Structures are given as structure tokens and as C-alpha cells.
Amino acid sequence: MFHLRTCAAKLRPLTASQTVRTFSQNRPAAARTFGQVRGYTAPVAAEPFLSGTSSNYVEEMYYAWLENPKSVHKSWDIFFRNTNAGAPPGTAYQSPLPLSPGSLSTVARVQPLVEAQPNVDKLVEDHLAVQSLIRAYQIRGHHVAQLDPLGILDADLDSSVPADIISSTDKLGFYGLDESDLDKVFHLPTTTFIGGQESALPLREIIRRLEMAYCQHIGVEFMFINDLEQCQWIRQKFETPGIMQFTNEEKRTLLARLVRSTRFEDFLQRKWSSEKRFGLEGCEVLIPALKTIIDKSSENGVDYVIMGMPHRSACFPPSCLLPHRGLRGRLNVLANVIRKELEQIFCQFDSKLEAADEGSGDVKYHLGMYHRRINRVTDRNITLSLVANPSHLEAADPVVMGKTKAEQFYCGDTEGKKVMSILLHGDAAFAGQGIVYETFHLSDLPSYTTHGTVHVVVNNQIGFTTDPRMARSSPYPTDVARVVNAPIFHVNADDPEAVMYVCKVAAEWRSTFHKDVVVDLVCYRRNGHNEMDEPMFTQPLMYKQIRKQKPVLQKYAELLVSQGVVNQPEYEEEISKYDKICEEAFTRSKDEKILHIKHWLDSPWPGFFTLDGQPRSMTCPPTGLTEDILTHIGNVASSVPVENFTIHGGLSRILKTRGELVKNRTVDWALAEYMAFGSLLKEGIHIRLSGQDVERGTFSHRHHVLHDQNVDKKTCIPMNHLWPNQAPYTVCNSSLSEYGVLGFELGFAMASPNALVLWEAQFGDFHNTAQCIIDQFICPGQAKWVRQNGIVLLLPHGMEGMGPEHSSARQGWGLSLMLQNLEEANFDINQLYDCNWIVVNCSTPGNFFHVLRRQILLPFRKPLIIFTPKSLLRHPEARTSFDEMLSGTNFQRVIPEDGLAAQNPANVQRLLFCTGKVYYDLTRERKARGMAEQVAITRIEQLSPFPFDLLLQEVRKYPNAELAWCQEEHKNQGYYDYVKPRLRTTISRAKPV
């Protein structure tokens with residue numbers, strides 16, 4: 001009623017006498033609207049009416065008055081009271097009281113007319129009560145919906161019925177109504193569609209229709225949404241009488257999909273009865289639900305759907321350490337939604353497979369899948385991608401979002417009309433995992449939105465063995481979605497048609513409003529947490545009921561047979577047809593040659609690993625540039641490339657300093673980064689830099705986004721003004737999230753190898769809250785997921801007065817996860833190819849420039865971790881000449897001593913190895929002590945893979961020197977534990993045989 005109150009408020013200054021005129025008894029029918037709305041059949045001549053306006057204004061004011069009589073002018077209040085009291089036509093309007101001694105007689109004339117009708121207040125209260133009743137069902141009807149297929153649990157963990165829901169005639173008294181009011185006709189407000197084409201209904205019918213809309217097998221949560229249009233859209237979808245109708249053809253298609261979903265699980269149970277599959281039994285409707293979302297989205301123009309599933313639909317069990325574990329329903333989704341070849345799935349159960357056959361030996365069906373096929377419902381091509389996921393529950397959520405954003409970006413889909421994402425969740429994980437909340441909060445941020453995701457929750461009503469009352473504090477597992485005003489549709493999973501309707505509405509919502517939506521499939525888990533588990537240990541009552549529960553396929557088939565939609569022989573033929581498909585695929589799966597990892601990639605990079613039909617050469621070209629390119633980028637970086645743009649005075653000084661550096665053919669850290677980015681943009685490489693405050697830089701060194709000091713939100717990104725046909729540069733401040741944002745950027749980097757995607761931590765230690773993404777995705781990426789990824793992590797580091805934890809990027813952590821083969825003929829390139837990631841700590845801006853460019857020029861992709869400095873950003877010695885960045889130059893894995901000590905190596909008494917910023921501390925101390933000839937300092941710029949070959953040359957160069965490692969961190973931190981055994985290996989190789 002907000003709109004109506006607003007209209008009334010606008011009219012309030014006008015009195016009835018100022019705006020009315022008297023209509024004749026034969027006025028046009030359109031003018032009778034007010035009387036018809038009230039339910040009167042008598043003409044309403046001589047009633048006051050707004051001069052020159054529609055009668056809708058009076059109606060709106062009337063409805064506002066029903067809610068609050070004080071919301072209109074007193075003269076209108078008297079008029080409405082008299083009219084409702086049955087005043088004859090032409091007498092309801094009473095003139096305002098004159099300011100004269102005769103006013104008392106006017107009061108006497110007006111007052112009796114109002115007081116003569118004792119039922120006026122009751123009529124007003126009844127109208128208000130009915131509107132409150134309708135609103136109560138819209139808000140709380142889902143609390144009494146029949147959502148649990150077992151009929152023993154309450155999806156909202158509360159068995160009580162809200163006081164304002166009419167569960168019996170006794171509750172009519174809550175609204176001041178009684179049974180005698182059930183047959184009275186009440187006008188329906190504009191905020192409901194239960195009337196269909198009717199504008200008024202008896203109270204009994206109003207309640208019945210509200211019960212049908214909100215209290216059956218669908219529970220709708222949406223009234224927290226603060227957008228009237230969106231609320232009205234949802235009301236219309238669920239309140240309109242008879243709207244949930246399906247044709248016989250649609251019902252037959254639904255039955256066929258249920259057959260495939262159910263018989264697939266039955267087939268696996270027959271063939272591998274002793275294996276842990278984590279099957280879909282109890283929520284077989286998930287398969288037709290997903291296919292319905294895809295069908296409807298395809299009909300609305302989507303041609304690429306990216307999906308993500310958690311590793312299972314409940315909690316993380318000890319059995320995850322066992323081989324051949326599935327995730328609840330993942331195999332079924334692969335088989336019947338993505339349409340992966342069944343033989344490729346069945347061969348994963350081959351007992352002869354070893355851990356080293358493909359990937360790391362972890363579950364093969366944790367891997368992803370990419371498939372392009374025809375959607376038979378819409379006859380349109382559609383690409384389906386299921387992203388690989390770890391066993392860490394919802395960790396895949398932001399990865400899916402990032403990959404979706406990248407695919408939208410690369411195809412120019414700025415509104416999400418072509419590419420969309422579907423995320424599947426388990427109920428316990430959805431409520432328990434904080435990454436779900438972080439991912440939701442990315443959903444509407446400009447640089448992270450995917451323009452709406454459909455979330456499907458497989459709500460088993462149990463988490464491993466944990467009762468939901470012990471697993472969450474909220475009524476529903478889906479309540480976290482309310483923070484972004486996403487509508488939530490709860491549905492009984494044993495009502496397939498209700499599920500299909502909800503999924504259609506969800507797909508239409510996403511297509512219409514491009515916002516997130518949640519479908520909560522309230523179901524059960526027919527078996528234990530896995531097929532070998534005994535659920536009666538912990539949930540005896542639930543599983544007694546489950547043992548008696550008729551499968552949804554059987555129930556729906558019986559319903560369609562009774563309706564004459566199908567007959568029994570047709571149903572049985574559908575079953576035998578799919579069983580035959582499974583048996584034939586099982587026979588083909590016995591061919592050992594059929595297993596190939598190419599079938600398990602979620603993001604293939606066609607054309608990247610070959611050049612002119614041949615494998616790419618395992619070489620890396622020089623990363624240097626010509627001087628004119630360096631100068632051009634430097635000039636743009638030190639200017640404002642748009643007119644009429646006022647920058648901050650302090651920034652003017654920074655840009656001036658940059659310009660002076662360019663004139664002197666020198667770069668500092670920020671300018672080196674600028675030149676690396678700018679040159680890659682010229683070569684068509686898209687660059688995306690994301691993280692907290694990356695636009696300016698945490699330490700005010702970057703300033704890639706300039707802000708006009710006089711015009712709000714007017715910005716300039718000079719990097720996008722470098723070249724006429726350059727690739728775009730995206731730099732975006734993220735939300736205060738590390739886990740979600742890093743996962744998002746990892747997913748973005750999956751989509752294309754021809755992009756440099758970087759995530760910068762505000763401080764190096766901030767990566768600890770993104771540890772799951774690093775440990776589960778980035779570190780084992782190629783070994784476990786059989787895919788490469790070139791994401792770059794920038795981790796600011798430096799023990800510079802902010803405490804032992806806030807200053808450290810925890811280098812030992814990253815190096816302890818390093819995988820490296822020591823026996824390599826070509827250390828420079830083969831090491832990089834065989835390692836799981838690259839770790840560097842550059843001491844010069846020039847080397848930082850080279851390693852960023854090398855990341856793209858390599859013929860493969862590896863994650864890159866860069867420990868970036870803080871004090872070196874402005875250190876006067878941390879400068880690099882253009883000469884070290886020109887054509888023919890490269891990244892230096894090791895920077896050897898080049899001072900006096902190197903000129904006479906035999907006299908060197910000590911050879912110090914170090915990395916990063918501490919080098920400048922050592923050179924300062926060496927100079928202060930006058931030991932330039934006695935002490936040599938060698939910088940290890942690339943720590944992983946470890947540069948054994950180059951360090952061996954250094955050790956041999958100084959035969960009389962004592963070797964030492966120096967770091968600014970304590971001995972139990974930093975690089976010491978990683979470097980010590982590797983230096984010893986190097987020394988042992990340096991000894992003469």
C-alpha cells in the first residue's frame with residue numbers, strides 16, 4: 001500500500017470542497033468505478049470527484065483511508081464514513097465547517113449522519129483485517145507449507161503455526177472476524193492476484209486461494225524484497241488461479257527424465273553394490289529440475305550454462321579419504337544433465353585403475369566436464385560446463401562465478417543474456433560454509449556480477465549424521481540468501497510438477513531481473529551418508545519412515561496412469577529403454593583404451609597448446625621491449641589522457657615524479673608494473689587486477705584509476721588510453737573478502753589462457769583466509785584437476801613494524817607446497833613446466849617487469865606467487881634502468897654479485913644468499929663496515945622452482961668463501977627451512993669428484 005499512501009499524501013492539502021463537482025445520475029459508466037469497487041449497485045451520482053482527473057485517484061485515496069482514516073483530509077474522512085454507512089447519493093459529502101458563529105449548527109447537521117451508522121468502524125476494520133490476512137499469507141505462508149516429503153519434519157524447524165495464519169476458524173478472532181464473515185464479499189487490494197479476473201471475493205474463498213498459493217507443496221519467501229515490481233511479479237506467478245498447469249507432453253517428458261534419474265542410480269547399485277556412490281536416491285527430481293532450468297533459460301536466449309556442485313550434499317565425512325567416493329548426485333548430473341558418455345563414467349569404477357593413471361588418483365568424477373549439444377526442447381545449441389570441485393564443500397561457488405564472468409566478458413555479454421551459472425548446494429553446507437555468504441555478496445558488484453545465478457539446494461534435512469537443529473541457527477538453510485534480496489522457493493521434492501513449476505519461475509526470474517534466486521528442494525536421503533553407512537544409528541525415526549516411503553518415480557507414474565496421460569506398458573517401455581542404454585554403455589566401458597583425461601576438462605583451451613598443428617615449442621622468447629614502447633607507456637602513466645579532468649594535488653606530484661623517471665630512463669616499482677601491463681595490452685592480452693584497494697594501491701603507489709576532484713564518480717583509467725586497438729584493462733577494488741574473491745579470480749583465469757589475471761592481497765598475510773582456494777585449487781591444479789592456470793598472486797611482504805603476523809606473507813607456507821624435480825637438463829624452462837607453481841621475490845622493479853611478461857609469453861600456464869615489497873615501492877635504490885628492460889633482456893632467476901667482490905672472487909671470505917628487500921639492508925651494512933671486497937651477496941629472485949644450476953655456478957665462483965643464508969624473518973619463518981636443504985644439495989654438487 002506504499003503507492004496508495006503516497007498518492008493520498010499528495011492529495012491531502014486539497015479538501016473535498018475544493019476539488020469536487022456534482023455528477024448527474026446518468027454520468028458515464030467509467031465514473032461508476034468507485035461505487036462498483038465498494039460493491040454497491042446503486043448509482044453514485046452527486047458524489048464528490050476530483051475535477052479533471054480519473055476516478056482511480058478517489059479509489060486510491062479510499063484504499064489509503066481504509067488503512068488509516070487519518071491519512072486523508074478530514075472532509076474526505078467524513079465523506080468516506082458517510083458513504084460506507086449507506087448515505088443516499090448526493091448526501092455523503094458534507095461542507096467544511098465555516099469559521100462563523102453558525103458553525104455549531106453545521107456540526108449538528110453533520111454529526112448525526114455519521115453516528116447514525118454504528119457499523120462504520122467495523123466495516124473499516126474488516127477491510128483492514130482482510131488485507132492484513134492476505135499479507136500474512138504472503139509473508140509467513142511458507143511456514144505451514146507441506147514441504148517435507150516424509151511428513152515428519154518441519155523445513156523451518158518449527159512445528160507451530162504463525163498466529164496470523166488461519167489454520168482453523170478459531171483463528172479468525174485474531175483479525176476481529178468470525179464465521180459469520182466467511183461469506184461476506186471483500187474487495188481485493190492491488191497487491192494480490194488471487195482473484196484472477198475478479199476484484200472481490202468472499203472471505204472463505206480468499207482464504208482457500210491463499211492456502212492453495214502459499215501453503216501446499218511450495219513455500220515462497222519474497223516479502224523481504226524491497227522492490228514493488230519484483231514482489232508483484234512473484235505474486236502473479238504463484239497467486240494467479242490455475243497458473244500451475246502442464247500439458248500432457250510436458251508431463252510425459254517429466255516422467256521420462258525421472259526414469260533416467262532413478263534408473264541410473266538403480267543401475268549403479270546393481271553393478272557396484274559395495275561401492276560408495278553417494279547417490280541421488282531421495283532427490284531424484286534434481287535431474288528434471290536442472291533440465292527444466294536449462295530448458296527455460298535456453299528458451300530465453302542462454303547458450304552457455306556453467307554449473308558447480310559441492311563435493312556432496314551434506315557434511316565432510318571421514319570416508320572422503322577413501323577412493324571411488326562420489327558426490328551426492330554428481331554422477332547423475334554428469335550422465336543425465338551434462339550428457340557425458342555413460343561409458344566414461346562407468347569405467348571410473350574399474351578396480352584396476354591406479355592412483356597415477358590420471359590426475360592424482362583422487363575421485364575422477366570430482367573433475368569437470370565441457371559439452372556442447374542440442375537442447376531437444378528448444379532445438380538450440382547449448383554448451384554445458386561442470387566445473388571441477390574439491391572435497392571442500394562450497395569452495396567451487398566463487399570459482400564458478402568467476403568463470404561465468406569471464407565467459408560473459410569475452411563474448412561481450414554485458415547483461416548475462418547468453419551465459420549464466422547454476423550452483424548446486426547441500427543444505428548443511430549452504431548454511432554452514434561462510435564462502436556461500438561471500439559469494440552472494442559478489443552477486444551484484446559491478447566488476448563481479450554474473451547477472452543472476454540460479455542456486456539449487458538439495459535439502460536432505462540432514463548433514464552426514466548431524467540433525468539440522470544442531471547444524472544451523474536459522475529457520476531454513478537458505479536464509480543466507482536473504483542478504484541480497486534473492487527470492488527463495490521451497491518445494492516438496494516428492495511433487496515433481498511443483499518442482500518443475502518452481503524451476504521455470506526461477507529461470508524466468510533470472511532472465512527478467514538478472515538477480516540471484518534460490519530453489520530449495522526439500523527431500524530426504526534414502527541411504528546413509530554413503531551406500532555402506534547405517535543411518536539408523538543416529539536417525540532411527542527418520543529412516544523408519546524412509547524405509548516405508550514410496551519412490552517419487554513410482555508415485556508420479558501412478559498419478560499419470562490414473563490421469564490417462566500414459567499407460568502402464570508405455571511406462572515400462574521407457575524404463576527398459578534406458579536400462580538397455582546403460583547396459584550397452586557398461587559393455588563399452590570395459591575397453592581399457594576408453595579412459596582419457598580429455599573427457600574431464602571443464603575449460604578446454606583449443607589452439608593454445610599447438611601452433612600450426614604442432615605442439616608448441618618449449619621455449620620462452622625474451623621479455624624485453626623497445627625503448628619507444630617503454631617511453632610511450634611511461635608518458636601515458638605520468639599524465640591524464642582526458643581533457644577537463646581535475647586530479648588531486650598530491651597525485652599531480654606523483655605523476656610529475658613519474659615523468660622525471662621516464663626522462664631519466666628509469667622505472668620504480670609502480671612504473672615497472674605499468675609498463676608490463678601496458679605492453680601486454682598492446683599485444684592483445686586482457687589484464688584483470690582485483691583485490692582490496694588495488695585501484696589506488698594499499699600503499700598509494702599504483703593510482704591506476706584517477707578520480708576527478710570536482711565531479712562525483714567521474715574517473716579515468718589511463719591504461720585504457722595507451723593504444724588504438726589495445727586489449728581492455730580491468731582494475732577493480734573488491735569487497736572485503738579473500739576466500740571468495742580469490743576463488744572468483746581463479747575461475748576467471750580458467751576461461752582463457754590469453755589473459756593475465758592477478759589478485760593482490762592488501763597485506764601478505766591476508767591470503768590465510770583464502771587458504772582453501774590455494775590449497776585445494778591452485779597448488780594441486782595440474783596434478784589433481786589436470787588443467788593449467790596462470791593466475792598471479794601479489795602478496796605484499798616486509799617485516800617493517802606491523803607485527804610478526806601482519807608483516808609476513810608466510811613464505812614458508814607457499815614454498816612447503818612446492819613440487820620440483822631436481823634432475824632437469826634445461827632448468828630454465830623444464831623446471832617451470834614440471835612444477836606446480838612458481839614463487840618469486842624480486843629485488844628490482846625490472847625483474848618484476850620481466851616476470852609479469854614471462855607469465856604470458858611462456859608456452860604453458862602455471863600459477864605465479866610474487867612476494868611484493870612495501871618499503872621498496874619508494875626505496876631510492878630500488879630503481880631499474882631502461883637498459884635492463886630493452887629487447888633481448890629476460891627475467892633473472894638469480895642476480896649475482898656485480899661489485900668489487902665479483903672482480904676478485906678468490907679473496908671473498910663470505911658468500912651471502914638472500915632474496916628480496918633484505919638485500920638493500922645487507923648492502924648498506926656492508927658499505928658501512930667497508931667489506932665490499934670480502935663479502936659477496938647473491939640474490940635468489942626465483943625461489944620455486946629452485947635455481948640449482950645458477951647457484952651451483954655461484955658456489956664454484958667463490959671457492960674460498962663461507963656460505964650463509966640471510967633473511968629478515970625469524971629462523972622458524974620465511975625461507976630458511978626451504979632453502980637450507982637445497983643449498984646443501986647445491987654445495988654437494990659443487991665438490992670435486
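The values are calculated or read from the model by the stated rules, or taken from the named source; none is laboratory data. The structure displayed is predicted, hence computed values, not measured ones. Note that we place each Cβ from the backbone using ideal geometry, even for glycine, and neighbour counts take in every protein chain shown.
Observations
- Put simply, of Leu963, Leu952, Leu983 the only residue that is surrounded by fewer than 22 Cβ atoms within 10 Å (Cβ to Cβ) and within 13 Å of Pro896 (Cα to Cα) is Leu952.
- Scanning region 728-757 for residues that are in a helix (DSSP H, G or I) and among the aromatic types (Phe, Trp, Tyr), we see that the one that is surrounded by the fewest Cβ atoms within 10 Å (Cβ to Cβ) is Tyr739.
Per-residue answers, yes or no, for (1) within 16 Å of Arg853 (Cβ to Cβ); (2) of a type in the set (A, V, I, L, M); (3) not assigned by TED's automatic domain parsing to the domain that holds Ile856:
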{"site": "Met618", "(1), (2), (3)": "no, yes, yes"}
{"site": "Pro622", "(1), (2), (3)": "yes, no, yes"}
{"site": "Asp668", "(1), (2), (3)": "no, no, no"}
{"site": "Leu680", "(1), (2), (3)": "yes, yes, no"}
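- Single residue of region 911-949 satisfying the filter (closer than 30 Å to Gln831 by Cα and among the acidic types (Asp, Glu)) that is surrounded by the fewest Cβ atoms within 10 Å (Cβ to Cβ): Asp949
- If only residues of region 764-818 that are part of a helix (DSSP H, G or I) and not assigned by TED's automatic domain parsing to the domain that holds Glu738 are counted, the one that is surrounded by the most Cβ atoms within 10 Å (Cβ to Cβ) is Gln811.
- Residue check, Arg252 free of Cβ contacts under 8 Å to residues at least 40 places away in the same chain and either assigned to a helix (DSSP H, G or I) or not assigned by TED's automatic domain parsing to the domain that holds Val333 (or both): no
- Residue count, region 495-524 (criterion: in a loop (DSSP other than H, G, I, E, B), under 25 Å from Ile462 (Cβ atoms) and in contact with a His (Cβ under 8 Å, 6 or more places away or on another chain)): 1
- Total residues in region 468-515, condition surrounded by fewer than 17 Cβ atoms within 10 Å (Cβ to Cβ) and hydroxyl-bearing (Ser, Thr, Tyr): 3
- The lone criterion from (1) out of contact with any Ser or Thr (no Cβ under 7 Å at 6 or more places or on another chain); (2) within 18 Å of Leu334 (Cα to Cα); (3) not charged (D, E, K, R) left unmet by Val399 is number (2).
- Whether a residue is crowded, with 18+ Cβ neighbours inside 10 Å and out of contact with any Phe, Trp or Tyr (no Cβ under 7 Å at 6 or more places or on another chain) was assessed, and Gly678 passes this test.
- Annotation note: of Asp467, Asp520, the sole residue that is in contact with a strand residue (DSSP E or B) (Cβ under 8 Å, 6 or more places away or on another chain) and among the charged types (D, E, K, R) is Asp520.
- Counted residues, region 475-508 - those being closer than 15 Å to Tyr214 by Cβ and either of a type in the set (S, T, N, Q) or not assigned by TED's automatic domain parsing to the domain that holds Lys417 (or both): 1
- In region 914-972, the residues that are touching a Lys or Arg at 6+ places or on another chain (Cβ under 9 Å) and free of Cβ contacts under 8 Å to residues at least 24 places away in the same chain: Met931
- Among residues of region 535-554, those that are more than 35 Å from the chain's Cα centre (by Cα) and modelled with pLDDT under 85, counted: 2
- Residue within region 525-546 that is part of a loop (DSSP other than H, G, I, E, B) and under 26 Å from Thr247 (Cβ atoms) present: no
- The numbered conditions (1) more than 27 Å from Ala676 (Cα to Cα); (2) among the hydrophobic types (A, V, I, L, M, F, W, C); (3) modelled with pLDDT of 95 or more are all true for Ile895 except (1).
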